[in-house]
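The values are calculated or read from the model by the stated rules, or taken from the named source; none is laboratory data. Keep in mind it's a predicted model, so treat the numbers as computed, not measured. Neighbour counts are summed over all protein chains in view; Cβ atoms, including those assigned to glycine, are modelled from backbone coordinates with ideal geometry. These area figures cover heavy atoms from the full protein model, side chains too; ligands, DNA and RNA do not enter into them. Shrake-Rupley method; radii C 1.70, N 1.55, O 1.52, S 1.80 Å.
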Amino acid sequence: MAKIAALSGFPEWLPAERLVEQHVIDVFREVAELHGFSGIETRAVEPLEQLLRKGEIDKEVYVLRRLHAEGEDAPEQTGNDQSRTLGLHFDLTVPLARYVLEHQNDLAFPLRRFQIQKVWRGERPQDGRFREFYQADLDVIGQDTLPGHIEAEVATVMAEILDRLPMPQFTIHANTRRLSEGFFRSIGLEDQTAVLRSLDKLPKVGAEAVRELLLAETGATPEQAQACLDFAAIRTRDGSFAEQVRQLGGSGEMVEQGIAELTAVLERVEAAVPGVIMADLSIARGLDYYTGTVFETFVTGHESLGSICSGGRYDSLAVDNRHTYPGVGLSIGLSRLVSRLLSAGLARPSRKVPTCVLVSVADEEQRHLSDAVARSLRSRGIPCEVAPTAAKFGKQIRYADRRGIPFIWFPGGEGAADEVKDIRSGEQTAAEATVWEPPAEDRTVRVLAAEQTATP
């Protein structure tokens with residue numbers, strides 16, 4: 001058989017690596033449910049015309065069709081009608097908008113929803129960027145109205161999720177559209193979108209290049225351009241950013257509203273998860289779409305990974321003839337984060353397999369005794385498996401050791417007591433399957449944060 005070539009951009013984890021990924025998924029779900037969010041799953045495909053409504057994404061959408069399409073699956077003869085063409089979703093926002101409109105009569109608003117699902121995006125694979133990957137979203141969707149405090153609430157839940165993961169220190173950077181637009185207007189710049197677009201390039205091209213963009217594309221004077229750069233340089237862990245904005249010339253009702261909004265977010269998140277939230281007025285990405293607070297999240301020592309979690313407030317997730325659906329949402333590129341946790345050695349499972357106990361088999365005629373022990377252990381939530389063959393006990397022990405199974409069980413048979421052996425220490429003691437308990441740290445696989453040098 002010819003050697004199988006890997007497909008770039010479609011990650012496949014080994015069993016031990018999958019344990020890390022599953023842990024991240026479980027933490028996300030558990031924390032979301034603790035805060036009253038309900039999980040949903042939407043279909044993998046949407047009509048192509050709906051997917052393309054988001055703009056310049058057509059080159060990244062995978063189209064779905066049968067190899068031999070007939071009838072309803074056949075493409076339209078005109079070649080222009082996309083109504084029957086289906087595409088794999090490239091994010092979870094477009095499916096959510098459709099889901100809300102389709103099920104609005106059966107949903108209670110505000111809808112508190114989380115979603116962990118694979119998406120597909122035909123971009124060039126590179127470190128941390130895949131063509132098939134898990135995305136994890138957290139949103140609160142209102143009908144016509146949505147209270148402002150929801151922005152801080154969703155950020156708090158996401159901070160708690162990230163804080164429970166086996167990863168280095170992270171920082172959630174926050175800004176508000178109202179504050180940015182209010183400041184630009186107060187210093188005399190009317191084309192706020194152009195200013196935001198220029199400031200968004202700061203991480204890639206630097207301050208001097210952005211200064212030239214502001215002068216050339218926004219009509220800014222040198223003084224206004226410098227004020228914009230000074231504004232974008234403001235970063236504080238508390239509400240002290242407000243006075244810095246005022247000292248740069250920021251004034252007016254919109255500026256003060258933006259200050260109040262951002263201060264409320266900082267205070268609430270800080271109270272729940274201290275030391276993770278920061279006001280960062282350089283954040284411009286998404287502010288042409290988001291209408292309130294916007295968030296981006298970076299891992300200390302791994303800034304090259306980019307933002308691992310982003311989102312914010314939007315006033316029109318979906319609109320129909322009766323209602324508008326505002327929302328606040330944050331999204332984690334879950335596979336991207338897991339890839340870095342694994343490649344940088346930041347997290348590892350406490351063992352390679354879920355199995356806590358391997359039940360040995362003395363000979364095939366006594367396998368039923370081993371099966372009975374396994375049933376008893378499993379009934380009490382202890383993961384176990386029965387040895388695949390009745391090999392010599394030494395081989396069975398080596399089999400368990402190679403797989404990282406910590407305990408091996410020896411059924412007694414013919415009235416003799418059962419015994420269990422800790423393969424790591426060599427200690428062997430009498431045991432009963434109905435009452436024996438492994439140490440708490442061994443019962444299930446734990447995912448541990450590993451002390452490793454961060455990848456630059």
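Kindly evaluate Ile382 against the criterion of being closer than 30 Å to Leu341 by Cα and β-branched (Val, Ile, Thr).
Yes.
Every condition in (1) open to solvent by 20 Å² or more (accessible area, probe 1.4 Å); (2) in contact (Cβ under 8 Å) with a residue 40 or more places away in the chain holds for Leu377 except the one numbered (1).
Do we have Thr324 as open to solvent by 10 Å² or more (accessible area, probe 1.4 Å), more than 20 Å from Phe170 (Cα to Cα) and at pLDDT 90 or above here? When the stated conditions are applied, Thr324 passes them.
Residue by residue, here is whether (1) open to solvent by 20 Å² or more (accessible area, probe 1.4 Å); (2) in contact with a strand residue (DSSP E or B) (Cβ under 8 Å, 6 or more places away or on another chain); (3) over 22 Å from Gln50 (Cα atoms) holds:
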site	(1), (2), (3)
His89	no, yes, no
Thr93	yes, yes, no
Arg98	yes, yes, no
Glu102	yes, no, no
Lys118	yes, yes, no
Gly122	yes, no, no
Gln126	yes, no, yes
Tyr134	yes, yes, no
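Restricting to segment 210-220, name every residue that is of a type outside the set (Gly, Ala, Ser) and either in contact (Cβ under 8 Å) with a residue 24 or more places away in the chain or on the phi > 0 side of the Ramachandran plot (or both). Thr218 - this is the single residue of segment 210-220 that is of a type outside the set (Gly, Ala, Ser) and either in contact (Cβ under 8 Å) with a residue 24 or more places away in the chain or on the phi > 0 side of the Ramachandran plot (or both). The sole residue among Ala194, Ala225, Ala220 that is more than 18 Å from Tyr289 (Cα to Cα), in a helix (DSSP H, G or I) and of a type outside the set (S, T, N, Q) is Ala225.
Which members of segment 384-420 meet the condition of being of a type in the set (Gly, Ala, Ser), over 37 Å from the mean Cα position of the chain (by Cα) and buried (at least 16 other Cβ atoms within 10 Å of the Cβ)? The answer is Ala387, Ala390.
Pairing residues of segment 252-271 that are within 18 Å of Thr291 (Cβ to Cβ) with residues that are open to solvent by 60 Å² or more (accessible area, probe 1.4 Å) and assigned to a helix (DSSP H, G or I), at Cβ distances under 6 Å and at least 6 apart in sequence or on separate chains, gives Met254/Arg178; Gln257/Arg178; Gly258/Arg178.
Exactly one residue among Arg235, Arg285, Arg211 is buried (at least 17 other Cβ atoms within 10 Å of the Cβ), among the charged types (D, E, K, R) and touching an Asp or Glu at 6+ places or on another chain (Cβ under 7 Å), and that residue is Arg285. Restricting attention to segment 169-191, the residues that are open to solvent by less than 40 Å² (accessible area, probe 1.4 Å) and either among the β-branched types (Val, Ile, Thr) or not in a helix (DSSP H, G or I) (or both) total 9.
Residue pairs whose Cβ atoms lie under 8 Å apart, sitting 6 or more positions apart in sequence or on different chains, and linking a residue in segment 414-429 that is farther than 15 Å from Ala400 by Cα and touching a residue at least 24 places away in the same chain (Cβ under 8 Å) to a partner that is open to solvent by 40 Å² or more (accessible area, probe 1.4 Å) and assigned to a strand (DSSP E or B), are Asp418/Ala430.
Could you grab me the full set of residues in segment 271-283 that are assigned to a loop (DSSP other than H, G, I, E, B) and within 21 Å of the chain's Cα centre (by Cα)?
Step one: list which residues in segment 271-283 are assigned to a loop (DSSP other than H, G, I, E, B), which gives 273-276, 281-283.
Hits for segment 271-283 are Val273, Pro274, Gly275, Val276, Ile283.
So which residues in segment 421-437 are among the small types (Gly, Ala, Ser) and either surrounded by fewer than 19 Cβ atoms within 10 Å (Cβ to Cβ) or over 13 Å from Val357 (Cα atoms) (or both)? Don't jump to the end; show me each part of the working.
As a first pass, look at segment 421-437 and keep what is among the small types (Gly, Ala, Ser): 425-426, 430-431, 433.
Correct list: Ser425, Gly426, Ala430.
Per-residue answers, yes or no, for (1) in contact with a Lys or Arg (Cβ under 8 Å, 6 or more places away or on another chain); (2) closer than 24 Å to Thr156 by Cα:
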{"site": "Leu202", "(1), (2)": "no, no"}
{"site": "Glu223", "(1), (2)": "no, no"}
{"site": "Cys228", "(1), (2)": "no, no"}
{"site": "Arg235", "(1), (2)": "no, yes"}
{"site": "Val245", "(1), (2)": "no, no"}
{"site": "Ser251", "(1), (2)": "no, no"}
{"site": "Gln257", "(1), (2)": "yes, yes"}
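Within segment 341-351, is even one residue at positive phi and touching a residue at least 24 places away in the same chain (Cβ under 8 Å)? Checked segment 341-351: at least one residue is at positive phi and touching a residue at least 24 places away in the same chain (Cβ under 8 Å). When segment 19-35 is filtered for residues that are open to solvent by 10 Å² or more (accessible area, probe 1.4 Å) and closer than 10 Å to Phe114 by Cα, the ones remaining, listed by number, are Arg29, Glu33. Note on segment 343-366: among residues that are of a type in the set (Asp, Glu) and in a helix (DSSP H, G or I), the one that is least open to solvent (accessible area, probe 1.4 Å) is Glu364. In segment 438-456, the residue that is farthest from the chain's Cα centre (by Cα) out of those that are surrounded by 11 or more Cβ atoms within 10 Å (Cβ to Cβ), part of a loop (DSSP other than H, G, I, E, B) and not hydrophobic (A, V, I, L, M, F, W, C) is Pro438. Would you call Arg340 basic (Lys, Arg), open to solvent by 10 Å² or more (accessible area, probe 1.4 Å) and part of a loop (DSSP other than H, G, I, E, B)? It is false that Arg340 is basic (Lys, Arg), open to solvent by 10 Å² or more (accessible area, probe 1.4 Å) and part of a loop (DSSP other than H, G, I, E, B).
The residues of segment 280-306 that are touching a residue at least 60 places away in the same chain (Cβ under 8 Å) and among the small types (Gly, Ala, Ser), listed by number, are Ser282, Ala284, Gly292, Gly301, Ser304, Gly306.
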